[in-house]
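Participant: The structure follows.
The values are calculated or read from the model by the stated rules, or taken from the named source; none is laboratory data. All of these numbers come straight from a predicted model, not from anything done at the bench. Cβ placement follows ideal geometry from the backbone for every residue including glycine, while neighbour counts extend to all protein chains displayed. Ligands, DNA and RNA are excluded from the accessible area calculation, which covers all protein heavy atoms including side chains. Shrake-Rupley method; radii C 1.70, N 1.55, O 1.52, S 1.80 Å.
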Amino acid sequence: QVQLVESGGVLVQPGGSLRFSCAASGIIFSAAHMGWYRQAPGKQREFVGFTTSGGYTNYADTVKGRFTISRDNAKNTVYLQMNSLKPEDTAVYYCNAAWGTESYWGQGTQVTVSS
């Protein structure tokens, strides 16, 4: 059974930083493309960024230069480093694994950016 377990949600002030993790099991992690998405209240889920199995990364324009995705294949874990956080980054963040023809989702974790 595939599981993606994300670290817990937090409240952070504008301008602050946060690092999320997503631990995967039940897949060959090194062969999976790993992504992060988010969904703000009243909005559709949107793409944040991803890292391919080969380590290539790509980001949405809204987070480019502020967010960094990395992976540790030895730990089956993908990370999302978020810097210079803004109130508009407030959302539920989801980890995604694309492995073979399947797509898997984490449970989601709340990030609130507010003073």
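Participant: GLU88 versus (1) charged (D, E, K, R); (2) farther than 18 Å from LEU11 by Cα; (3) not in a strand (DSSP E or B): which is the lone unmet condition?
Facilitator: That leaves (2) as the condition not met.
Participant: Ok, one more. Just to be sure, is SER7 farther than 16 Å from GLY106 by Cα and within 15 Å of the chain's Cα centre (by Cα)?
Facilitator: no
Participant: So, one more: When you go through (1) under 17 Å from ALA23 (Cβ atoms); (2) in a strand (DSSP E or B); (3) in contact (Cβ under 8 Å) with a residue 40 or more places away in the chain one by one for ILE69, which number turns out not to apply?
Facilitator: (3)
Participant: Could you list all residues from region 22-49 that are assigned to a strand (DSSP E or B), in contact (Cβ under 8 Å) with a residue 40 or more places away in the chain and surrounded by 15 or more Cβ atoms within 10 Å (Cβ to Cβ)?
Facilitator: Scanning region 22-49 gives CYS22, ALA23, ALA24, HIS33, MET34, GLY35, TRP36, TYR37, ARG38, VAL48.
Participant: Please verify whether region 52-68 includes one or more residues that are open to solvent by 50 Å² or more (accessible area, probe 1.4 Å), over 17 Å from LEU4 (Cα atoms) and touching a Lys or Arg at 6+ places or on another chain (Cβ under 7 Å).
Facilitator: no
Participant: Here's something else I'd like to know. Please specify each residue of region 82-98 satisfying the condition of being within 27 Å of GLN3 (Cβ to Cβ) and not β-branched (Val, Ile, Thr).
Facilitator: MET82, ASP89, ALA91, TYR93, TYR94, CYS95, ASN96, ALA97, ALA98
Participant: Condition check: over 23 Å from VAL2 (Cβ atoms) and aromatic (Phe, Trp, Tyr). Does TYR79 satisfy that?
Facilitator: In short, no.
Participant: If you go through region 73-109 one residue at a time, how many are surrounded by 14 or more Cβ atoms within 10 Å (Cβ to Cβ) and either among the hydrophobic types (A, V, I, L, M, F, W, C) or touching an Asp or Glu at 6+ places or on another chain (Cβ under 9 Å) (or both)?
Facilitator: Residues that pass the stated criteria total 17.
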